[in-house]
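Quick notes on the structure that follows.
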Amino acid sequence: ALEATRLGSYTEKSQRYILLDRDYVIPEEIGNTALEADFRGLLARQQDGYRDAYETLANHYRETQPEAWGSTAERRLLEGAAKEDARYFLGLATTGQVGVTLNARSLEGTIRRMAAHALDEVRRLGDALHRVVADIAPSLVRYTEATAYRRKTPESLRAHAGDLLRAPCSSRSGEAGEMVRLIDASAAGEELLLTALIHGHGDCCWNEARQAAERLSSEERRDLVVESLRQIDAHESPLRQFELPEFTFELVLSASCFAQLKRHRIASLICQPYNPRLGCTIPPSFSEAGLTTCFKEIRDASTHLYEKLFEIVPAAATYALTNAHRRRVIFKVNARELYHLSRLRLDAHAQWDIRLLAKDMIRLAQEHMPLVMMLAAGKDRFEDTRAEQLGS
């Protein structure tokens, strides 16, 4: 909820690099209910599972990769791998730390949106944000009350959607491997880019540039895109013209993966709630280290309590789930930002979960617009990809 605004800068203490303490939230909606004791018991199991998983994975890497473990730098990498996989045991009620920089307009919108949120924790955070800025910028952060639009519209739309859907969705696409779908893309994305390149660097109107682009042969089309990318390196973004072609994906991803995807701010991100029906993402290391059975027990316990909570406090039921549980999101992004995503998330140092997601996204984008996305690759593969595509 805090990071929902696009125009903000966020710095989080990453669960990939630190070992967390046993800190968690007891939501107001769950506290003092018949399920509070069950909820606290589940959180303890999740925390114990997290600690045990870290120790088991660290021991596994020490035993299976003794030479790497003997190197200080390599050992840190292996310890980091153990931490980032162990966090799939952690519940979504686990607390974290985040710093945020917002301008007054974005802060005002964030507070107003939080005021209308279904969860008490979010409303309290919005109130706290307002209190710390009220005396600093009283004339800039003024409209912070919940509006009927924000408060009532989601519930009204849920009722309409329920009426329009003939039956509850029974899809288990997350478990069937259909994690990434390209549901829409610019109909003439390559033509858009070619036209924009001519328009941006020629003395002509859009129609004249479009007509010039239409006259290009296949070889000339490729030459023009290659020329726009010839001097680029692994740390630069393509030209602004690459913002015109767009891609819209439907993704099914874990909470751990979503935490990384949402950092790509130049995109439209529309989320459904977490849903146990979509299954869980299980790190491959769990099988290697013998953690799968233990994880599945905690996963099933989390799902079971979620279902019980959903009957009485549906908005707060998600607190029972883990970082491995999944949700559906719509992710709309332009080609320029997709290049940025590919550099970070396809790199060999990227976390494995989002690397797999990004691999499928880039594959689908390249199938649809091969010229536009010809140099989409991780930083570690960029020079090789450039040589393959540009011959230099």
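The values are calculated or read from the model by the stated rules, or taken from the named source; none is laboratory data. All figures in this text were calculated on a predicted structure; none of them were measured in a lab. Cβ atoms come from the backbone with ideal geometry, glycine included; neighbour counts cover every protein chain shown. SASA here: full protein model, heavy atoms, side chains in, ligands and nucleic acids out. Shrake-Rupley method; radii C 1.70, N 1.55, O 1.52, S 1.80 Å.
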Exercise. Does the stretch 89-101 hold any residues that are touching an Asp or Glu at 6+ places or on another chain (Cβ under 9 Å) and of a type outside the set (V, I, T), and which are they?
Worked result: F89, G96, Q97, G99
Problem set entry | Residue tally, condition closer than 19 Å to F249 by Cβ, open to solvent by 20 Å² or more (accessible area, probe 1.4 Å) and in a loop (DSSP other than H, G, I, E, B), over the stretch 338-392 | 2
For this session: Scan the stretch 29-44 and report the pairs whose first residue is assigned to a helix (DSSP H, G or I) and whose second residue is open to solvent by 40 Å² or more (accessible area, probe 1.4 Å), with Cβ atoms within less than 6 Å and a gap of 6+ or a chain change.
Result: L43/Y24
Problem set entry | Search result, residues across the stretch 198-246 that are touching a residue at least 60 places away in the same chain (Cβ under 8 Å), open to solvent by 90 Å² or more (accessible area, probe 1.4 Å) and among the charged types (D, E, K, R) | R240
Problem set entry | Residues within the stretch 216-255 that are at pLDDT below 95 and more than 23 Å from G391 (Cα to Cα), tallied | 0
Exercise. When the residues of the stretch 85-116 are filtered to those that are open to solvent by less than 10 Å² (accessible area, probe 1.4 Å) and aliphatic (A, V, I, L, M), which remaining residue is farthest from A146 (Cα to Cα)?
Worked result: A86
Exercise. Which ranges mark the helices (runs of 4 or more DSSP H) fully within the stretch 67-182 that have 1 or more residues being of a type in the set (K, R)?
Worked result: 72-86, 104-115, 120-134, 148-164
For this session: For E36, state whether it is more than 20 Å from I282 (Cα to Cα), modelled with pLDDT under 95 and surrounded by fewer than 19 Cβ atoms within 10 Å (Cβ to Cβ).
Result: no
Exercise. Mind checking whether some residue in the stretch 67-78 is over 30 Å from P283 (Cα atoms), basic (K, R) and modelled with pLDDT under 95?
Worked result: no
Exercise. When you look at Y319, is it aromatic (F, W, Y), out of contact with any strand residue (DSSP E or B) (no Cβ under 8 Å at 6 or more places or on another chain) and in a helix (DSSP H, G or I), yes or no?
Worked result: no
For this session: Determine, yes or no, whether I270 is surrounded by fewer than 21 Cβ atoms within 10 Å (Cβ to Cβ) and under 25 Å from R328 (Cα atoms).
Result: yes
For this session: With respect to T322, determine if the residue is in contact (Cβ under 8 Å) with a residue 24 or more places away in the chain and of a type in the set (S, T, N, Q).
Result: yes
Exercise. For the stretch 46-54, does any single residue satisfy the condition of being out of contact with any helix residue (DSSP H, G or I) (no Cβ under 7 Å at 6 or more places or on another chain), farther than 26 Å from I282 by Cβ and without any contact (Cβ under 8 Å) to a residue 60 or more places away in the chain?
Worked result: no
Exercise. Taking the stretch 247-267 only, how many residues are touching a helix residue (DSSP H, G or I) at 6+ places or on another chain (Cβ under 7 Å) and crowded, with 16+ Cβ neighbours inside 10 Å?
Worked result: 13
For this session: For the stretch 172-189, name all the residues that are at pLDDT below 90 and either loosely packed, with under 14 Cβ neighbours inside 10 Å or among the β-branched types (V, I, T) (or both).
Result: R172, A176, G177, E178
Exercise. Is it the case that some residue within the stretch 49-63 is among the β-branched types (V, I, T) and at pLDDT 95 or above?
Worked result: yes
Seminar exercise, completed: Listed by first then second residue, the pairs whose first member lies in the stretch 73-87 and is over 18 Å from S256 (Cα atoms), whose partner is crowded, with 21+ Cβ neighbours inside 10 Å, with beta carbons under 6 Å and at least 6 positions apart or on separate chains, are L78/Y61
Problem set entry | Those residues of the stretch 122-139 which are at pLDDT below 90 and open to solvent by 60 Å² or more (accessible area, probe 1.4 Å), in sequence order | P138, S139
